[in-house]
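Encoded as structure tokens, the structure appears first; notes follow it.
Please treat every number below as a calculation from the coordinates, not as lab data. What you see is a predicted model; the values in this text were computed from it and never measured. Cβ placement follows ideal geometry from the backbone for every residue including glycine, while neighbour counts extend to all protein chains displayed.
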Amino acid sequence: MREETPDPAHGPTGATYTRWPAPAASVEPEPLELPREVSAESEPAAERLPAPRPAPASPEPAPSAVPAPVPAADAGRVAAVLGDPPFSGPKPPLYAPGPGAPVGARPDVDGAVLPDTVVDGATHGPLTVRAASVRGDSHRYHAEPRQDALVVARLGEPDEDTGVLLLGVADGIGSAPRSHLGSQLVCREILRFLDEYAGELARALRAKDEKTLTAVVNSAVGSVAESLVRAATTAGHRPGDYATTLRVLLVPLDPAVRHRALFTVGDGGAALLRDGTWYLDVVGAADGEGSGIIDTRTAALPTTRVAETHLFGPALPGDVFVLCTDGLSTPLGGEEEMRGFLRGAWGGPPPGLPDFLWQLQYRVKSYDDDRSAVCLWEGDS
């Protein structure tokens, strides 16, 4: 489904970018016939009713400590809850589907103030983003902090389409005792560094200049690694205690530019949902549903100082790009039921934030890690 095409700007030995699969044929919807509007002039005179007399004023009711009952129509809406997330297999995992004991302030007050769950989103022109990070079942059971982090933000001036949308996820290494702080710091610092180069990134994406993108990204990753080392040293910890992975998608806000850039340090996932089909490794060697999303390498910041950078596209209306930590990428790559559920949930219009959070928490037995995803819906330009 993919084809590697040389970039003319760099000659036969220059950078390559990935051409995504062609879209399926679309069907134009039939026009709807609207009902005829009825006005007072078109209504038969015999059926017109006289205006009602105003009701006499009634005194204000005395204040009461008991709230007024909810009308029946509203009560039905309030009662329509989503319930526990769905699951694969004949029965749900043994872990409870929600948070358990809170994280203690001793010995790690920094971990205690991290929320169990984060939900975010954004809309800019034809682009819609939904994002969530959820503490894994194992961390909930042991009252440990969530080690994942995410970022949804804009690079560049707020009133210009020359800006770039930055979407990122970071996964703190489980064996690193302060990685929950490392993942948060990396998301903040990569945003801070790349914002200074927003114009250069936008021009490189427009020109499909992977060489420039790689140079800027590697400078950013090196700077972020140094920030991790300084933070650990200042706090009296080893730099490896803050170890974390990082995956970032850069999306031009100019709707005429249809290529995107992905850079990664360490494991996680990047998938494309197009025309009802999952492409689970949009930048690797494999194509097609069920392939390639799992990446078990152990590269992580701050030890690793360079990223793998890929330019790919063009993006098409209706595409859904999923950037995620391995808490989602691993079960998504191995569980057909999960892929089918998320295909139905995310293959149409973008869901609301509560629905997206509920959908992301689809449960699979033995997969109990933190789960974070940032999903991008591509609309019509």
Counted residues in region 189-212 being surrounded by 23 or more Cβ atoms within 10 Å (Cβ to Cβ) and touching a Ser or Thr at 6+ places or on another chain (Cβ under 6 Å) come to 1
Considering only region 104-181, give the strands (runs of 3 or more DSSP E) lying wholly within it that have at least 1 residues that are under 21 Å from Pro239 (Cβ atoms) and within 21 Å of the chain's Cα centre (by Cα).
148-155, 164-171
What number of residues within region 233-255 satisfy the criterion of being surrounded by fewer than 22 Cβ atoms within 10 Å (Cβ to Cβ) and more than 30 Å from Asp380 (Cβ to Cβ)?
9
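So which of Val216, Val186, Val221 ends up being in contact (Cβ under 8 Å) with a residue 24 or more places away in the chain, buried (at least 16 other Cβ atoms within 10 Å of the Cβ) and either closer than 16 Å to Thr309 by Cβ or of a type in the set (Phe, Trp, Tyr) (or both)? Don't jump to the end; show me each part of the working.
Working: Val216 fails: in contact (Cβ under 8 Å) with a residue 24 or more places away in the chain; Val186 fails: either closer than 16 Å to Thr309 by Cβ or of a type in the set (Phe, Trp, Tyr) (or both).
Unique residue meeting the criteria: Val221.
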